[in-house]
Amino acid sequence: MTKTFVSGHKSPDTDSICSALVYADLKQQLGVSAEAVRLGSISKETRFVLDHFQVAEPRLVESFAPEVEQVILVDHNERTQCADDIDKVQIIEVVDHHRIANFETAAPLYYRAEPVGCTSTIIYKIYQEKKLPIPKKMAGLMLSAIVSDTLLMKSPTCTDEDKAALEALAKIAEVDLQDYGMQMLKEGTDVLDKTIDELAANDAKEFKMGKHKVKIAQVNVIDFADVTSRQKELEAKLQEVIQSEQLDMFLYVVTDILNSNSVIIAMGEFAHVAETAFKVQLENNSAVLEGVVSRKKQIVPVLTDAFETLK
Ligand code: MN
Ligand code: MN
């Protein structure tokens, strides 16, 4: 049987790693030869999850075409976030909870998109629909992905379906949701031992906004100073990335997960667009966004709007 890869996005977060593993498990239960792969290194938060539930990490790959003809995408659909040779393989399925942008295929496909807080919430529903048993470890991975994407239900992206999935999965995984969730999120906020390169690449995604190329990275902290104390060094690195990747803007988002606010650092020729978009004044390239925690819901749409209406 030909093998199919299940892949999340570049700079994989906990949802991209866990949803790839879980969806590969679900497909295997259905008799498909599926293998979860990843397109980047495992974050501290994700490492904590994999260790806790004793699941091996997906294999790291740089390209798809040398090994498979077909791939399933989870937790993304934008070509800029896929492996670079995505055009050489067939996308047979997408399971995702993001906006759909610059996406087209040559052949029909199964496309499942729902405006919920996490890809794993959709996969949980697919298990239910297909009446497949959810292995305890897979429940743990899905629960962790939902905690990560919804910041333990505090993000405005969190829906009732995410909450219901979390409750059901906590029972199967036999974990205390609040205790485990907080412990896991705190693990991911430990940024002090990251190099500047790692910090700049943290959860970084590229977007097309109007005619412009924008990169947005996000990091969770419990103290802004963990990042802002290294701002000069970080800015130099962001400039370097802007040059080498020809970006119009690099928006760096530092999110305080306890108080649900973010500090942004906006760099690049079009950095000023952040001021119009978020109605703030950049000072020292930076501004506070009160109550903003979700890139998907509170940053990308607003910034896309501002870029599209640029004169
Ligand atoms: Mn993701
Ligand atoms: Mn996600």
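The values are calculated or read from the model by the stated rules, or taken from the named source; none is laboratory data. Every value quoted in this text rests on a predicted model; they were computed, and no experiment measured them. All Cβ positions, glycine included, derive from the backbone under ideal geometry; neighbour counts span all protein chains shown. For the accessible areas, the whole protein counts, side chains as well, though only heavy atoms, and no ligand, DNA or RNA atoms are used. Shrake-Rupley method; radii C 1.70, N 1.55, O 1.52, S 1.80 Å.
With the structure loaded, tell me whether K279 is touching a helix residue (DSSP H, G or I) at 6+ places or on another chain (Cβ under 6 Å), of a type in the set (D, E, K, R) and modelled with pLDDT of 95 or more or whether it fails that test. Criteria not met by K279. In the set R112, R47, only one residue is basic (K, R), away from ligand 1 (no atom under 13 Å from the Cβ) and out of contact with any strand residue (DSSP E or B) (no Cβ under 6 Å at 6 or more places or on another chain); that residue is R47. Identify the residue in region 136-151 that is open to solvent by 20 Å² or more (accessible area, probe 1.4 Å) and more than 14 Å from ligand 2 (Cβ to nearest atom) and, among all such residues, is nearest to D203 (Cα to Cα). Ranking the candidates gives M138 first.
Per this entry, S41 is not counted among residues that are in a helix (DSSP H, G or I), within 16 Å of ligand 1 (Cβ to nearest atom) and either in the same structural domain as C118 (by TED's automatic domain parsing) or out of contact with any Cys (no Cβ under 6 Å at 6 or more places or on another chain) (or both). Checking each residue of region 161-171 against the condition of being of a type in the set (A, V, I, L, M, F, W, C), not in a helix (DSSP H, G or I) and not assigned by TED's automatic domain parsing to the domain that holds L234 gives no match. Looking at A34, A24, A56, just one residue is under 20 Å from V175 (Cα atoms) and without any contact (Cβ under 8 Å) to a residue 40 or more places away in the chain, and that residue is A56.
To keep it simple, each residue is scored yes or no on (1) open to solvent by less than 60 Å² (accessible area, probe 1.4 Å); (2) modelled with pLDDT of 95 or more.
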residue	(1), (2)
C158	yes, yes
D162	yes, yes
L166	yes, yes
K171	no, yes
D179	no, yes
V191	yes, no
E198	no, no
G210	yes, no
I216	yes, yes
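Kindly indicate whether A101 is at pLDDT below 95, out of contact with any helix residue (DSSP H, G or I) (no Cβ under 8 Å at 6 or more places or on another chain) and more than 16 Å from ligand 1 (Cβ to nearest atom). Judged against the criteria, A101 is not a match. Checked against (1) at positive phi; (2) within 16 Å of ligand 1 (Cβ to nearest atom), G117 passes all but a single condition, namely (1). Restricting K208, K186 to residues that are under 20 Å from the mean Cα position of the chain (by Cα), free of Cβ contacts under 8 Å to residues at least 60 places away in the same chain and away from ligand 1 (no atom under 16 Å from the Cβ) narrows the list to K186. The criterion of at least 3 residues that are open to solvent by 40 Å² or more (accessible area, probe 1.4 Å) is met by the following strands (runs of 3 or more DSSP E) wholly inside region 56-132: 110-113. The lone criterion from (1) of a type in the set (K, R); (2) crowded, with 22+ Cβ neighbours inside 10 Å; (3) at pLDDT below 95 left unmet by K297 is number (2).
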